[in-house]
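Below is one structure, written out as structure tokens, with a few remarks after it.
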Amino acid sequence: MIGYNAVRVAVAPAAVARNFLRLRALGSDLVAVVKADAYGHGLVPVAQALAQAGARRLAVGTVAEGVMLRQALPHAQIIALLGVLDTRDARACQEHGIVPLVTQAEHWPLLRQAARQAARPLEVILKFDTGMGRLGFRPDEAGAVVAALQAAPMLRPVAVFSHLATADDPAAADFVAEQAALVRAIQADLAAAGLELPASLANSAGLLAHPSTHFQIQRPGIALYGANPLAGTPWADRCPPLEPAMAVDAPILQVRELPAGASVSYGRTFRAPRPMRVAIVAAGYADAYSRGLSNRATMVVGGRRAPVLGRVCMQMTAVDVTDIPGVRPGDRAYLLGGPGAAAITAAELAAWWGTIPYEVFCLLGLNPRVFV
Ligand SMILES: *Cc1c(COP(=O)(O)O)cnc(C)c1O
């Protein structure tokens, strides 16, 4: 499906599925994280490819995402990482068989009521905060959690989750160990109260670099989409080779000569040091190709690198094609990915952008997608 704009995102769900198989070899029981529209790759096509590859558990963010996914996957376990917001969310979990994270005491009455009204048990996951400082019960609340569950026999806990804050930073391995120790303690406290549950702490970086965080269930996200969370660190080689699953391109509108001394785009921030040839690409910050990429990024045209010249505009960006022969209007320029060795990686684009591959995927993925 092509929208009104010219930028096109090509997603290969099969590549995500192959990455899943590579990662599964490193863990024991994976939850494939497909929150935020599968990191911009397209929730339903990606989740279907993952399910076909054998993924039985998937994690979305909101309950609404879970409802959407349930229609496509009638049998998978669907986990809502953000938990429930209100009675409607709780009822939707019950109706569609979505497993919410219980992250605070306020959730108990909402979930209890939903389970009681349906006269059917509701599976839940207990979320503890062991250092991320975001959602979850404190470790010392394990006893209160057990008491709340004893008062709510219709709620069926199926796992304990916590989330790592620093797993992608080798210099912060101590904090990872502290979080793992807390999860072990929580799991033991629950077991002592008669609640034996599998635990999950590892994200992609935990799965790749920290065996002590593996517990019984691992939750990779970014690595499924082909980005190495340890890239640029001494531990980069702990990640097996993964395939990118997203490429982004846009058509060239015009190719023009730029005489020495002439400038390109707003503010005249680029001036040609010599006669140059410039291609005007139909992609700009309205397509989530950030203005911060002005004079920094590179695209791929005709299988070769074409640096961005001057400021990125709303729907257009100029690139240097002086040394790329035969470029014509209608040719495609790759913002991400591209053919062969010149392909632009998400890590490169993220570095030019001043962000991380996660954000590159989520933002560029807002454009119309085609599945290949
Ligand atoms: C996003 C997320 C993950 C996956 O993290 P990656 O770094 O993408 O592997 C796992 N668990 C939770 C709770 C998350 O929010």
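The values are calculated or read from the model by the stated rules, or taken from the named source; none is laboratory data. Since the structure is predicted, the reported quantities are computational estimates derived from the model, not experimental observations. In this analysis, Cβ positions are derived from the backbone assuming ideal geometry, glycine residues included, and neighbour counts consider all displayed protein chains. For the accessible areas, the whole protein counts, side chains as well, though only heavy atoms, and no ligand, DNA or RNA atoms are used. Shrake-Rupley method; radii C 1.70, N 1.55, O 1.52, S 1.80 Å.
Things worth noting here:
- Selection from H163, G303, L85 lying farthest towards where the dipole of the chain points positive, charges on Cβ: G303
- Toward the positive end of the charge dipole of the range 72-210, with +1 on the Cβ of Lys and Arg and -1 on the Cβ of Asp and Glu, the farthest Cα among L208, G133, P109 is that of P109.
- Charging the Cβ of each Asp and Glu at -1 and of each Lys and Arg at +1, and nothing else, the dipole of the chain about its Cα centre rounds to 1000 debye.
- Tensor-based shape of the range 59-203 (alpha-carbon gyration tensor, a/c under 1.5 rounded, otherwise prolate or oblate): oblate
- If you plug the beta carbon distance of A105 and E196 into 1/(1 + (r/R0)^6) with R0 = 22 Å, you get a FRET efficiency near 0.45.
- Averaged over its residues, the chain has an accessible area of 43 Å² per residue, based on protein heavy atoms and a 1.4 Å probe.
- Karplus-derived 3J(HN,Hα) values for the range 236-244, using 6.51 cos²θ - 1.76 cosθ + 1.60 with θ = phi - 60°, are 3, 7, 7, 9, x, x, 10, 9, x Hz; glycine and proline are entered as x.
- Model label points for Q150 and R274, set 7 angstrom from Cα along the Cα-to-Cβ axis, are 8.1 nm apart.
- Förster radius 35 Å - calculated FRET efficiency between A172 and M314 (Cβ-Cβ, nearest 0.05): 0.35
- Positive-end residue, the range 244-346 charge dipole about Cα centroid, Cβ charges, pick of Y334, L258, A288: L258
- Computed E for R296/R256 - FRET, C-beta separation, R0 22 angstrom, nearest 0.05: 0.50
- The apolar share of the surface of the range 247-288, taken as the fraction of accessible area on carbon and sulfur atoms (1.4 Å probe, ligands and nucleic acids excluded), comes to 54 percent.
- Helices in the chain that qualify as membrane-span-like (whole DSSP H runs, Cα extent of at least 24 Å along the helix axis, mean Kyte-Doolittle hydropathy of 0.5 or higher) are 173-192.
- Accessible area, probe 1.4 Å, largest first, for residues K127, K35: K35, K127
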